[in-house]
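Every number here is computed from the coordinates shown, using simple stated rules; none is lab data. Not measured: the values here are computed from a predicted model.
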Amino acid sequence: MTKQEKYQFVEELSERMKNTDNFYIMDAAGLTVAEVNAFRGMCFKKGLSYQVVKNSLIWKALETLEGGDFSEFKEKGVLKGFSGIVFSPDSANEPAKVLKEYRKKHGKKDDPKILLKGASISLDVFVGDEQLEALSAIKSKNELIGDVVGLLQSPAKNVLGALQSGGQTIAGIIKTLSEREEA
C-alpha cells in the first residue's frame, strides 16, 4: 500500500467510524482463513461488517474522531497483534451476540479462538474480553422503545381490565337481584 493509499484508507475508515456509533475491535489471530470467513458470514447475516485492519491505521482513524477518548485502547494494548473491526450501524449489542454465537458453534469454552479486544459504543470505550457479557446485555434502540411502549400500555390494560370485569359483576348482581324479587 502506498502512502497515498494509506491516507485515503484512513480517511475512509475515519468516516466510517464517524457514521457508525458502534464498532468492536477483535483479535482473530488464531483463526484460519475458513474460520475468518465463517465469522464474516455470520456478521453479514446480521447486517454487520467485519474488516481486518492494521493497528496503526486504526489508531490514525481513531485520532480523527471528535468527542471520544480512545487513549485507553493504546494504553491497554488493544491495538497490538492481529486486529479486525466489526461495524454495527444499528445495534450496540449485535456484534457481542454474534461473537458469543460464533464461540458456541466453533470454539472451545476454555480456548476461544476469537477475542474481544475493545469496543466503542456511542464513543464510550470498553476494553477486554471480560466485557463481552455486559456488551451482549446492552439493549438496542428498538428493544428500549418496545420496553417503554410495554410500560406505557400496562396501566391502561389494567384499567380496562378492571372496568370490564366490574361491568360483568354489576350486571350479575342486577340479574340476581331481579330474579330474587320475582320469587
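Just a few scattered comments:
- Sorted largest first, the principal axis extents computed over the alpha-carbon atoms of the range 58-136 equal 37, 28, 18 Å.
- Backbone phi angles across the range 21-37, fed through the Karplus curve with coefficients 6.51, -1.76 and 1.60 (θ = phi - 60°), yield HN-Hα couplings of 5, 10, 8, 10, 9, 10, 10, 10, 4, x, 8, 7, 4, 4, 5, 4, 5 Hz in residue order; Gly and Pro are listed as x.
- Nonlocal amide H pairs with Lys117, under 5 Å, H built at 1.01 Å: Ile25, Met26, Asp27
- Each principal axis of the Cα cloud of the range 1-82 was evaluated for its coordinate range; sorted largest first, these ranges are 34, 29, 25 Å.
- Here is the P(r) of the chain: all C-alpha pair distances, binned every 10 Å from 0, give 8, 29, 26, 11, 7, 6, 6, 5, 2, 0, 0 in whole percents.
- Each residue of the range 83-97 was assigned a 3J(HN,Hα) from its phi angle through the Karplus curve 6.51 cos²θ - 1.76 cosθ + 1.60 (θ = phi - 60°); the sequence is 9, x, 10, 10, 9, 10, x, 10, 10, 6, 9, 4, x, 5, 5 Hz, with glycine and proline shown as x.
- Vicinal HN-Hα couplings computed from phi for the range 128-142 (Karplus, 6.51 cos²θ - 1.76 cosθ + 1.60; Hz; Gly/Pro x): x, 5, 5, 7, 4, 4, 4, 5, 6, 8, 4, 8, 6, 4, 5
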